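What follows is a set of notes on a single structure, which appears directly below.
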Amino acid sequence: MQALRYPTFRTMVSTYKKTIPLNGDEGVRLLLNHNKLLKLYDGVIGVKTGYTKKSGRCLVSAAERDGVTLIAVTLNAPNDWQDHTAMLDYGFANSVRHSLGKAGELSYTLPVVSGRMDYVSVCNTAPLEVTLSANSPVPELYVELPRMLYAPVEADTVVGKVCLLVNGEIVAESPLVAAFSVESAERETGFFAFLRRLFGKN
């Protein structure tokens, strides 16, 4: 799964046919991928076939549909193409992708005490997404933030987090960071001064 995060690797394992130069200008060499699932199964992105006398036919496959990525692995499986098709079909039929926001899409506002501005916007740094079984409860959104911040506030400072909960357990989370900096005010400071500015009584 980790290797599939790299675009070059994904391109290599999902390519069915490729020509490369043969000894400079002597022509080209044709490379064919032995992974038949690239032609047989919708959404397949790789990954690797294998065979030895002791292990038999081995196959690692990966496929993506509607934001869900599945990986199937078999060892010593004579009918690996059919086995992987069945496993992937089962996985897609029983998985649901929940997405509540891409990176930066979830935004909240916090009051700032003794700052040149009375507030700061905070947003998520990572997507808030999770793949769950189809019979799992719909995840709940939980936001953890302080009631207020004190100036100065530096941009990109982590001030809280946003989570997806299933039955009270965190299944996905992202830090919430300050979207911009707020400098300390060069005027009366303190909580009561903050309240006066908040209500327009400078």
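Taken over the chain, lysine pairs spaced eight or more positions apart, or on distinct chains, with alpha carbons under 17 Å apart number 9. Ordering Thr52, Tyr119, Trp81 by Cα displacement along the dipole of the range 1-120 toward the positive end leaves Thr52 in first place; charges were set at the Cβ atoms of Lys, Arg (+1) and Asp, Glu (-1). Amide H to amide H, which residues 5 or more places from Leu106 or on other chains are under 5 Å from it, using H placed in the peptide plane? For Leu106, the qualifying residues are Asn124.
Average 1/r across all pairs of distinct alpha carbons in the range 99-198, invert it, and you get the Kirkwood radius: 14.7 Å.
When every Cα-Cα distance of the chain is counted in 10 angstrom steps from zero, the calculated P(r) takes the values 8, 22, 21, 18, 13, 10, 6, 2, 0 percent. Averaging the sequence gap over all C-alpha pairs within less than 8 Å and six or more residues apart, then dividing by the number of residues, gives the chain a relative contact order of 13 percent.
FYI, it's all coordinate maths here, none of it is from the lab. Note that this is a predicted model, so its numbers are computed, not measured. Cβ atoms come from the backbone with ideal geometry, glycine included; neighbour counts cover every protein chain shown.
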